[in-house]
Amino acid sequence: MDILTILGLILAIGAIIGGNIMEGGHTESLIQGTAFFIVMGGTTGSVMVQAELKTFFRAMAMTLWVFLPPRIGVKEAIEKIVNWSNIARKEGLLGLEAVAESETDLFARKGLQLLVDGSEPETIRDILEVEVGTKEHADTQAAKVYDAFGGYAPTIGIIGAVMGLIHVMNNLADPSKLGSGIAVAFVATIYGVGLSNIIFLPIANKLKGIIHKQTQFREMVIEGVISIAEGENPRNIESKLQGYLG
């Protein structure tokens, strides 16, 4: 669980609600179903028009990473790669065949299999880098879906505000209907700007950070596999890969 995400949401939402209460406002005045429906419905629809179906659903699935980020064990991976290099030095590259079959990380398994098959170092690099680039591109496009949410939400909030003001103008003769129209107008703006800056844009940036770490991790695996293919000393491989610990 990413505690920082939870604390950040609590602090941001709490500051807004707390500030409203400190100013003498009522919390229930910020709860407007109509305004929320306009902003969320309009924003989601706009994003769906922009995004491809596969990318949109990929973004929804990746949302969980904000709270439960995928574990990236760099230190453990370095230890495994050094162990692979020791096996390769003692038993030859074919000695890694059993290791490849038991490896749970699909990317690392592919690299090991290429080693076992006797592929040239540059061939291994080319094959693995294509996979890294493709995965990074697909995940980044999915993260950008939340950038789109963050971009459209404030504008849709303004549309909601204008709609509320139109409702007010149409009912100037009936004071009983003015309050709800004004509430929708201002709360829609708050929802649009608030959702954009507290939820959508932070999610987009957090996902991009996780994607960057995953890409660095895979690049480290590539360097390790290539070093084994080139017959480097296990100690040198370990020293090289420790630079990824950061």
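Summary of values
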item	result
Output for region 73-103, where each listed residue is touching a helix residue (DSSP H, G or I) at 6+ places or on another chain (Cβ under 6 Å) and among the charged types (D, E, K, R)	Glu97, Glu103
Count of residues meeting criterion [closer than 11 Å to Val82 by Cβ and of a type in the set (Gly, Ala, Ser)] in region 220-239	3
Out of Ile10, Ile31, Ile81, Ile38, sole residue that is surrounded by 13 or more Cβ atoms within 10 Å (Cβ to Cβ), under 29 Å from Asn205 (Cβ atoms) and hydrophobic (A, V, I, L, M, F, W, C)	Ile38
Residue match in region 99-106 (condition: in contact (Cβ under 8 Å) with a residue 60 or more places away in the chain, under 30 Å from Ile203 (Cβ atoms) and among the hydroxyl-bearing types (Ser, Thr, Tyr))	no
Pair list, Cβ under 9 Å, 6 or more apart: region 86-97 residue on the phi > 0 side of the Ramachandran plot, other residue surrounded by 15 or more Cβ atoms within 10 Å (Cβ to Cβ) and of a type outside the set (D, E, K, R)	none
Some residue of region 24-31 being at pLDDT 90 or above, of a type outside the set (Phe, Trp, Tyr) and either over 26 Å from Ile210 (Cα atoms) or not in a helix (DSSP H, G or I) (or both)	no
Selection count, region 83-121, where residues are in contact with a Lys or Arg (Cβ under 6 Å, 6 or more places away or on another chain) and not in a loop (DSSP other than H, G, I, E, B)	2
Near pairs, Cβ below 7 angstrom, 6+ apart or cross-chain, from region 112-139 (touching a residue at least 24 places away in the same chain (Cβ under 8 Å) and of a type in the set (A, V, I, L, M, F, W, C)) to any residue that is part of a loop (DSSP other than H, G, I, E, B) and surrounded by 15 or more Cβ atoms within 10 Å (Cβ to Cβ)	Leu112/Glu103
Some residue of region 77-84 being under 18 Å from Ile237 (Cβ atoms) and aromatic (Phe, Trp, Tyr)	yes
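The values are calculated or read from the model by the stated rules, or taken from the named source; none is laboratory data. Note that the structure is predicted; figures quoted are calculated from it, not measured. Don't worry about glycine lacking a Cβ; one is built from the backbone with ideal geometry, like all the others, and counts go over all protein chains shown.
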